Amino acid sequence: MTSEEVQISCKFVTRLPEQYRIAPTPIAVPGKLTRYGLSEVINHLLNLDPPKPFDFLVQGELVRTSLEKLVVRKAISAESALEVEYIPAVAPPSEEATGKHEDWVSAVDGSWAAAVATGCYDGTARLWTPGGAQLIRLSPPDVAVPEGASTAAVTTVCLLPPAPDSHPDGSTGCVVVAGGHDGVIRAWGVEVDAKRGGASAVANETCNLFVGHVGAVKCVASAPGGERVASCGHDHTVRVWHRDAGFAFDKNVSAGRKTKKSSKRRKGDDGDDAEPAPRFLVPGVDEPPPTPEHLAPLGKELVLNGHTDSVSAVAWESVDVVWSGGFDHALKSWDVETGKNTQSYDVPKAIMGMACVAGGGRVAWCGGGIR
């Protein structure tokens, strides 16, 4: 007997409303049928016009092969009718809008319903409406890139929810946090005007700087409620910052330190006097200066040590517990109140990304070589 001649007795069941239910009487259908053929059977039995697409479950598994192959693989006995549950098919997503960037898009965060944040290798972060219209383009005011050097590429972004003092006039505040290749985390306060479909920085052309990582920042993540931000990077550390920590960029800051006014002024190309452009360190171009005194408050962040290689992902389980994963094949959880590592697991691959179920219980991760 060929596969085309195989008949399988099926009992079709569903949890859909009454108008989409058929009698639970077993029906013999060709074993060669896939979900498309089964969907035609259900549409015919229900006499639906226009037809509706359905998906099918057998023992909790979506039917993605012919019924015959599925029965053989799962070793299901043919002596009794096969129970097949049908559910509405979910159509593949369709593109609604495209947001153009000038370089690679490195990160996306849509955790706040009112806007979506993106990070780009051109050194900028952007805020978009859920429909794809750009609200604002945020550039680091503290970076002036020397000729021939690369920009401080943005490698990761996250959104902090609106501040408690959001304006009641239709505008809503949020904070865009971006980590970069230069090891600096930058945060912009942004007011989103839902009525006009625009946004503006709270303090024009300024941002808060969180300095502490040595090397590229790989991931930033907001704690539930947005009072804390976790970050991780190539320096093998996880760091936890308070929302209002860091320091506001001062145009008198140059190369990581405050500049002193000098009677010696350099001439610009046009012959006019000009001050050195304020900027932070560019990796591979500048040597790290001694720690300046005015950055002393930056030592207040919590530094979590324990990884032995680059830390590539962080995710919050709750306001008090954050998880991290890295290239050392280690998955760790931390109590941010005590700074202690509470759980640690060895995994078979380098961790590239992770997510936690709110409240705990489950952690999902993905890594190198895993498809």
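The values are calculated or read from the model by the stated rules, or taken from the named source; none is laboratory data. What you see is a predicted model, and the numbers here were worked out from it, not measured in a lab. FYI the Cβ positions are ideal-geometry reconstructions off the backbone, even for glycines, and counts take in every protein chain you see. Keep in mind that these areas ignore ligands, DNA and RNA; they rest on the heavy atoms of the full protein, side chains included. Shrake-Rupley method; radii C 1.70, N 1.55, O 1.52, S 1.80 Å.
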Exercise. What's the carbon and sulfur percent of region 58-120's accessible surface, probe 1.4 angstrom, rounded to a whole number?
Worked result: 53 percent
For this session: Averaging over all projection directions, find the projected area of the Cα convex hull of region 51-123 and quote it in nm² with one decimal place.
Result: 9.1 nm²
Exercise. Can you give the charge dipole size of region 2-91 about its Cα centre, rounded to the nearest 20 debye, using +1 on the beta carbon of Lys and Arg and -1 on the beta carbon of Asp and Glu?
Worked result: 220 debye
Exercise. Region 69-87 to region 343-361: how many Å between their Cα centroids?
Worked result: 35 Å
Problem set entry | Anisotropy class of region 305-371 from Cα gyration tensor, a/c 1.5 cut | oblate
For this session: Please label the shape of region 5-54 as rounded, prolate or oblate, based on the square roots a ≥ b ≥ c of the eigenvalues of the alpha-carbon gyration tensor (a/c under 1.5 means rounded; beyond that, a/b larger than b/c means prolate, else oblate).
Result: oblate
For this session: Decide, for region 1-141, between rounded, prolate and oblate: order the square roots of the alpha carbon gyration tensor eigenvalues as a ≥ b ≥ c, take rounded if a/c falls under 1.5, and otherwise choose prolate if a/b is larger than b/c, else oblate.
Result: prolate
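List the trypsin sites (Lys or Arg not before Pro) within region 78-138 that DSSP assigns to loop and that have no more than 12 neighbouring Cβ atoms inside 10 Å.
On the way: sites: LYS100, ARG126, ARG137; in loops: LYS100.
Listed in order of number, the matching sites are LYS100.
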Exercise. Going through region 23-100, which GluC sites (Glu not before Pro) have at most 14 other Cβ atoms within 10 Å and a DSSP loop state?
Worked result: GLU79, GLU95, GLU96
For this session: List the residues whose amide H sits under 5 Å from the amide H of HIS329, counting only those 5 or more places along or on another chain, with H placed 1.01 Å from N in the peptide plane.
Result: ILE351
